[in-house]
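Single-structure report; data block below.
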Amino acid sequence: MILAAIKKIIIFLFLPLLLFSQTPYFDKSTEGYLVFHPIKTDEAQNIVPWYGSEPGEAYNFVINTVWSFWDTMRIDMNGLPYYMNHQVWRPGINDRRGIGGDQLAMVLYSGALLYQYTGNEKIKENMKFIADYYLTHALSPGDAQWPNIPFPYNTFIYSGIYDGDMVLGKGFAQPDKAGSFGDELITLYKMTNNHGYLEAAVNIANTLARHTRNGDNDNSPLPFKVNVYTGEIGKLKSNIGDHSDVGLSSYTTNWVGALQLLEKLETLNAGDAAAFRRAADIILEWMKQYPLKTNKWGPFFEDIQKAIDHPGWGQRNNPQMEKRLATLLRAWRQTQRPVIHVRHYSREPLSTYRPGQEGNEFKPEVMPAENEWIIEKQTNSAFIGTELEKRLRAAGIVTLVVTGVIANNLVEATVQMTGNLGFVQARHPGTTHFEMEKTGQPSRWNMLRALRVLKCL
C-alpha cells in the first residue's frame with residue numbers, strides 16, 4: 001500500500017516529456033489556439049480533440065505521431081540517433097547539452113507501454129538498441145567502489161560514452177537513476193527472455209543494496225550523487241549559478257525505480273534476495289518516516305510581482321494573499337527547503353509585467369533571498385523557454401509546492417506541465433484569482449479556464 005502511494009508521488013512519464021521537448025521555447029498560443037492547434041469545443045464548451053471528434057482515434061493518432069517522430073529522429077554527427085546524445089530536441093542546430101539523467105530509463109518505460117498498445121515489433125527493437133548501447137557504453141568499472149551502475153551523462157557530448165554527471169562531471173553517478181534503469185531492464189528481460197538484461201539488473205541491485213544505509217532528515221539511504229571510484233558523495237552546488245559548494249548531494253526521494261528493482265528481483269529469486277529485501281525495507285521505512293512526514297520535496301512561488309496591483313486586473317478574490325504568502329515563505333525557509341521564485345517578463349508593450357517598470361519587480365513580501373532560485377519566463381508556464389526542468393532534475397527535486405497569482409492561467413499552466421514532466425503538485429491557499437470577462441465573450445482567459453482549474457482551498 002505504501003509503495004503504491006509513493007508511486008503516485010514520484011512516477012515519471014516519457015511520452016509527455018517527449019511531447020514537451022517538441023514544444024518551441026516560446027508559446028505560440030494566440031486567440032483560439034493552444035500552441036500549435038486551434039481549440040475545439042463541444043456544445044457544453046468542453047475542449048475536444050483537435051484531430052477529430054472521436055477521442056479514441058485522436059489518441060491513436062497522437063500516440064503514433066509521437067512514435068513516428070522518435071523513430072525518424074535525425075542521426076547525429078557521431079552516427080547515433082539524436083536522442084542518444086541530447087536531452088532536448090531542437091529542429092535546427094543541436095542542443096548543447098548531453099542526455100538527461102533518467103532519459104533512457106523513461107524511454108524504456110514508455111516503450112514497453114507503447115509496445116503493449118501497438119504490438120509494433122520495431123518498438124521492441126528500439127528498446128533493445130537503447131539498452132544494449134547504454135549497457136556497453138555507460139557502466140562503471142567492475143572494480144570501482146560503486147561498480148556496474150550506469151553514468152547518467154555524456155560529458156563529451158559526441159563521444160558516444162556516458163561517463164559522469166552533467167553538473168559534477170566525470171566519475172559521478174546518480175544511484176536513483178541507476179535503480180530506475182535497472183527496473184526497466186527487468187521489463188525488457190520479460191519481453192525478450194534475454195538473461196543478459198536480468199544479469200545487468202542484478203549487478204545494479206547488488207551495488208545499491210551493498211551501499212544502502214539508514215537515512216535521516218538530511219541524508220537518504222543512498223546519496224543523490226556519488227563518485228563511483230572513490231565513494232565520495234558529490235557536492236551540492238549553489239542555486240544562484242556561481243557553482244559554489246553549499247553542502248553535499250546526499251538527499252533525494254526518487255527511489256521508486258530502485259524499490260521496484262529490488263522487489264522484482266526478490267520475486268524472481270534472482271541474485272541475493274535477502275540483501276535486496278533488507279535494502280528495500282530500509283528505503284521504504286525511510287520514505288515513511290521522513291519525506292512522507294516532513295514533505296521535504298521542493299517549493300515554488302510564481303509571478304508574485306507588483307504588476308498584480310494594477311487596477312486593470314480587476315477585483316481580487318484573495319486580498320490577504322501577500323500576508324499568507326509571507327507566512328508560508330517564513331515557515332518554509334525555517335525548514336531549509338529550497339525556494340524557487342518565478343518572474344514573468346512580458347513581451348507585450350502595454351503589459352503591467354513588462355520589464356523596465358515597477359510592475360516587473362517582486363512584491364516585498366516574497367522578495368527572493370540571496371541563495372534562492374530566480375526563474376525568468378515569457379509565457380504562462382514556468383517550464384517553457386527556461387532551464388527550470390533541468391535545474392529541478394539536477395537538484396533531485398521531484399515534488400513541487402506551487403503557489404502564485406491567477407491560478408486559472410499562470411499557476412495552472414505550470415502545474416499541468418509539472419504533471420506531464422513527472423513532478424507531483426501540492427497546492428497551498430496562497431493562490432489568487434481575478435475576475436475575467438464573462439463566459440462566451442472572446443478571451444484568452446476563457447480559453448484557459450476550460451482546462452482543469454485549480455481552486456483556492
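The values are calculated or read from the model by the stated rules, or taken from the named source; none is laboratory data. Source: prediction; values computed, not measured. In this analysis, Cβ positions are derived from the backbone assuming ideal geometry, glycine residues included, and neighbour counts consider all displayed protein chains.
For region 199-234, give me the residue count where each residue is in contact with a Leu (Cβ under 8 Å, 6 or more places away or on another chain) and at pLDDT below 90.
Residues flagged as in contact with a Leu (Cβ under 8 Å, 6 or more places away or on another chain) and at pLDDT below 90 within region 199-234 amount to 0.
When the residues of region 71-98 are filtered to those that are of a type in the set (A, V, I, L, M, F, W, C) and assigned to a loop (DSSP other than H, G, I, E, B), which remaining residue is nearest to residue 129 (Cα to Cα)?
Within region 71-98, the match that is nearest to residue 129 (Cα to Cα) is 80.
So which residues in region 183-205 are under 15 Å from residue 139 (Cα atoms) and of a type in the set (D, E, K, R), if there are any at all?
Answer for region 183-205, where residues must be under 15 Å from residue 139 (Cα atoms) and of a type in the set (D, E, K, R): just 199.
Only residues in region 364-378 that are free of Cβ contacts under 8 Å to residues at least 24 places away in the same chain count as the first member; pair them with residues that are crowded, with 18+ Cβ neighbours inside 10 Å, Cβ under 9 angstrom, at least 6 apart or cross-chain, and list the lot.
364/322; 367/341
Among the candidates 123, 130, 204, which residue alone is under 15 Å from residue 261 (Cβ atoms), assigned to a helix (DSSP H, G or I) and of a type outside the set (Asp, Glu)?
Criteria check complete, one pass: 204.
Can you tell me how many residues within region 38-76 are of a type in the set (Val, Ile, Thr) and on the phi > 0 side of the Ramachandran plot?
Matching residues across region 38-76 total 0.
Looking only at region 360-415, filter to residues that are modelled with pLDDT under 70, in a helix (DSSP H, G or I) and of a type in the set (A, V, I, L, M, F, W, C); which one of those is surrounded by the most Cβ atoms within 10 Å (Cβ to Cβ)?
Going through the qualifying residues, I end up with 411.
Go through region 134-171 and report how many residues are assigned to a loop (DSSP other than H, G, I, E, B) and within 17 Å of residue 257 (Cβ to Cβ).
Residues meeting the conditions: 6.
Take residue 117 and decide whether it is farther than 30 Å from residue 57 by Cβ and assigned by TED's automatic domain parsing to the domain that holds residue 257.
no
Determine which member of the set 234, 196 is over 15 Å from residue 257 (Cβ atoms), of a type outside the set (S, T, N, Q) and surrounded by 17 or more Cβ atoms within 10 Å (Cβ to Cβ).
234
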